[in-house]
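Enquirer: Sharing a structure below in structure tokens format, with a few things to ask.
The values are calculated or read from the model by the stated rules, or taken from the named source; none is laboratory data. Nothing here was measured: the structure is a model prediction, and the numbers come from that model. Cβ coordinates were reconstructed from backbone atoms using ideal geometry, including for glycine residues, and neighbour counts include every protein chain displayed. Only protein heavy atoms, including side chains, enter the accessible area calculation; ligands, DNA and RNA are left aside. Shrake-Rupley method; radii C 1.70, N 1.55, O 1.52, S 1.80 Å.
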Amino acid sequence: MSLRTALAAAAVLALATPVFGQEAPAADPAAAAAAQAEAAFEAKALAFQQALDTMRGEMQAALTAAGSDQVKANADMDAIAARYQPQADGFAAELDAFITSQLPVMPPQEQAQMAQMGPMIRSQIVGAPATIKAGLLQAAAAAAAPAAPR
């Protein structure tokens with residue numbers, strides 16, 4: 001599953017429930033707090049996606065600059081991934097906190113879904129820097145491979 005798919009899945013799971021899709025009534029403090037938490041999490045998700053896009057650009061530039069030197073490309077991309085790993089870890093922790101804050105206002109079936117899907121989405125977020133690196137290396141290898149004769 002690609003990182004964009006994983007983030008989309010996180011957004012769909014976290015934001016597509018009926019509770020989240022409705023305006024919170026003013027008389028319900030729990031629903032109002034849930035709506036505020038949702039808005040804050042959406043902003044954090046956008047910032048994380050922007051950081052990943054920046055990281056992807058840096059990795060692509062490092063890969064291009066390394067040319068055919070695979071050792072240099074891997075070392076440079078590993079250094080870039082290491083710089084962004086704390087952001088991935090932090091966003092995964094934000095996801096955990098968001099899910100925890102939303103559980104009390106979710107129906108039991110959705111709580112069960114979140115309990116099941118949350119750890120999978122979390123691991124994909126934590127693995128995002130390595131996943132992006134692997135994807136760029138794979139794309140570069142495919143582009144460099146000679147075309148199959150017809």
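Enquirer: Please state which one of 125, 132 is farther than 24 Å from residue 35 by Cα and in contact (Cβ under 8 Å) with a residue 60 or more places away in the chain.
Expert: Values: 125 fails: farther than 24 Å from residue 35 by Cα.
Answer to the selection: 132.
Enquirer: Please indicate, with yes or no, whether at least one residue in region 3-17 is open to solvent by 50 Å² or more (accessible area, probe 1.4 Å), in a helix (DSSP H, G or I) and at pLDDT 75 or above.
Expert: no
Enquirer: In region 41-73, which residue that is of a type in the set (Asp, Glu) and at pLDDT below 95 is surrounded by the fewest Cβ atoms within 10 Å (Cβ to Cβ)? First the steps, then the outcome.
Expert: Step one: of region 41-73, the residues of a type in the set (Asp, Glu) are 42, 53, 58, 69.
Going one step further and asking which of them are at pLDDT below 95, we end up with 42, 69.
Details: 42: 14, 69: 11.
Going through the qualifying residues, I end up with 69.
Enquirer: Can I ask one more? Scan region 49-73 for residues that are in a helix (DSSP H, G or I) and either closer than 17 Å to residue 143 by Cα or among the small types (Gly, Ala, Ser) (or both) and jot them down.
Expert: Initially, region 49-73 is screened for residues in a helix (DSSP H, G or I), giving 49-66, 70-73.
Result: 51, 57, 59, 60, 61, 62, 63, 64, 65, 66, 70, 73.
Enquirer: Among the residues that make up region 74-91, is at least one of them open to solvent by less than 40 Å² (accessible area, probe 1.4 Å), without any contact (Cβ under 8 Å) to a residue 24 or more places away in the chain and touching a Phe, Trp or Tyr at 6+ places or on another chain (Cβ under 9 Å)? Full working, then the answer.
Expert: Just the residues of region 74-91 that are open to solvent by less than 40 Å² (accessible area, probe 1.4 Å), to begin with: 77, 80-81, 84, 88, 90-91.
Filter once more, keeping what is without any contact (Cβ under 8 Å) to a residue 24 or more places away in the chain: 90.
Keeping just the survivors that are touching a Phe, Trp or Tyr at 6+ places or on another chain (Cβ under 9 Å) gives 90.
Yes: one or more hits.
Enquirer: Further question: What pairs can you find where one residue is in region 31-47 and in a helix (DSSP H, G or I), the other is acidic (Asp, Glu) and open to solvent by 50 Å² or more (accessible area, probe 1.4 Å), and their Cβ atoms are less than 6 Å apart, with a gap of 6+ or different chains?
Expert: As it stands, the answer is 44/94, since those pairs meet every condition given.
Enquirer: A further question follows. Those residues that are in a loop (DSSP other than H, G, I, E, B) and either touching a helix residue (DSSP H, G or I) at 6+ places or on another chain (Cβ under 7 Å) or open to solvent by less than 50 Å² (accessible area, probe 1.4 Å) (or both), I need them from region 93-150; list them, please. So that I can check it myself, show each step before the final result.
Expert: As a first pass, look at region 93-150 and keep what is in a loop (DSSP other than H, G, I, E, B): 106-107, 127, 145-150.
Selection gives 106, 127.
Enquirer: Check whether at least one residue in region 96-116 is more than 23 Å from the chain's Cα centre (by Cα) and β-branched (Val, Ile, Thr), and report yes or no. Reasoning before the result, please.
Expert: Within region 96-116, the subset more than 23 Å from the chain's Cα centre (by Cα) is 104-105, 107-109.
Those still in the list that are β-branched (Val, Ile, Thr) too: 105.
Checked against the condition, which is being more than 23 Å from the chain's Cα centre (by Cα) and β-branched (Val, Ile, Thr), region 96-116 yields at least one hit.
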